[in-house]
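One structure below.
Computed from the coordinates by the stated procedures, all read-outs in this text should not be read as laboratory data. Model, not experiment: these values are computed from the prediction. With ideal geometry, Cβ positions are generated from the backbone for all residues, glycine too; neighbour counts draw on all protein chains shown.
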């Protein structure tokens, strides 16, 4: 599984909205500036996130975007699946092959399904709130 730039930026947008939530809509230009991402590119990403029900949008003066729900209600898996599609490491038919005519596919199906389960479980366990709250000095070291 390789996460595209689109998927990585979608997570950044969600984190940015969580960190700067004041109950108001946040202009896309503010997000683009803070994240150093082209506003044009972000338009396509927020459109996808809005269609998935993750964001509310308001056009015009005072418009922008805000999260539809609390940051702890979004898992990283959900955000990535909305932007990337399936997170399976191989085509799904290779994970669920039972009695497949190709013995080698059948033999590796359990392994691929196991890997997918680990990826899915981990990404389900990480919320946008978890990521938004990570800048808490835990990486400060004294030498």
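Overview of results
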{"item": "Burial order of peptide ranges 70-78, 9-17 (average beta-carbon count within 10 Å, highest first)", "result": "9-17, 70-78"}
{"item": "Distance in nm between pseudo-label sites at residue 33 and residue 130 (7 Å out along the Cβ direction from Cα)", "result": "3.2 nm"}
{"item": "Diffusion constant of the stretch 56-99 at 25 °C, which comes from Stokes-Einstein with the Kirkwood Cα-pair radius and 0.890 mPa s, µm²/s", "result": "179 µm²/s"}
{"item": "Highest-MSF residue in the chain out of 93, 43, 81 [GNM, Cα springs under 10 Å]", "result": "93"}
{"item": "Along each principal axis, Cα extent of the stretch 1-73, largest first, Å", "result": "38, 27, 21"}
{"item": "Helix-only mean residue ellipticity at 222 nm for the chain, each DSSP H run of n ≥ 4 adding -39500 (n - 2.57), per residue, nearest 500", "result": "-16500 deg cm²/dmol"}
{"item": "Peptides ranked, highest mean first, by Cβ atoms within 10 Å: ranges 123-132, 23-32", "result": "123-132, 23-32"}
{"item": "Convex hull of the chain built on C-alpha atoms - directionally averaged projected area, nm²", "result": "11.8 nm²"}
{"item": "Degrees between helix 103-125 axis and first principal axis of the chain (Cα, 0 to 90, nearest 10)", "result": "20 degrees"}
{"item": "FRET E, pair residue 110, residue 87, Förster distance 22 Å, beta-carbon r, rounded to 0.05", "result": "0.75"}
{"item": "Rounded to 10°, Cα long-axis angle of helix 5-19 versus longest principal axis of the chain", "result": "50 degrees"}
